[in-house]
1. Where does region 1-42 land on Rg(C-alpha)/(2.2 N^0.38 Å)?
2. In angstroms, what radius of gyration and Dmax does the chain have, counting Cα atoms only?
3. Test of understanding: ordering 8, 70 by Cβ neighbours within 10 Å, fewest first, what list do you get?
4. Report, in degrees rounded to the nearest 10, the 0 to 90 angle that the Cα long axis of helix 3-12 makes with the longest principal axis of the chain.
5. Relative to the present Cα-Cα distance, how much length would full extension add between residue 20 and residue 92 at 0.36 nm per residue of separation?
6. Pop the C-beta distance of residue 64 and residue 6 into the FRET formula with R0 = 25 Å and round what comes out to the nearest 0.05.
7. Using only Cα atoms, find the angle between the long axis of helix 21-41 and the longest principal axis of the chain, and express it within 0 to 90 degrees, rounded to the nearest 10.
8. At 222 nm, what value in deg cm²/dmol follows for the chain if DSSP H runs of at least 4 each add -39500 (n - 2.57) and the sum is divided by all its residues, to the nearest 500?
């Protein structure tokens, strides 16, 4: 499912029959931007039953170039992480 399909699913929900496509798009955009800003700031975003978005620091390390076998230095970096909640895992 992509963003457009998600918005279509929201406006077709029988409990949200008053939501326009523009409103649903605004909601999805606001939700995603809010999560990104919070995680960038270092806050965890926990959506009970769905999962937790957080920020992790990956240490610098040595790697190997698979094409040449040469050892390379991989810089440290910060990445987003998602841990699914129990209810989400149970659906699978």
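Rule-based calculations on the coordinates, nothing more; no lab input. No experiment lies behind these values; they were computed from the predicted model shown. Cβ placement follows ideal geometry from the backbone for every residue including glycine, while neighbour counts extend to all protein chains displayed.
1. Ratio of Rg to 2.2 N^0.38 Å for region 1-42: 1.32.
2. Rg and Dmax of the chain, Cα atoms, are 19.0, 60 Å.
3. 70, 8
4. 20 degrees
5. The residue 20-residue 92 span can extend by a further 22.8 nm.
6. After rounding to 0.05, the efficiency reads 0.05.
7. Computed tilt is about 30 degrees.
8. Rounded to the nearest 500, it is -12500 deg cm²/dmol.
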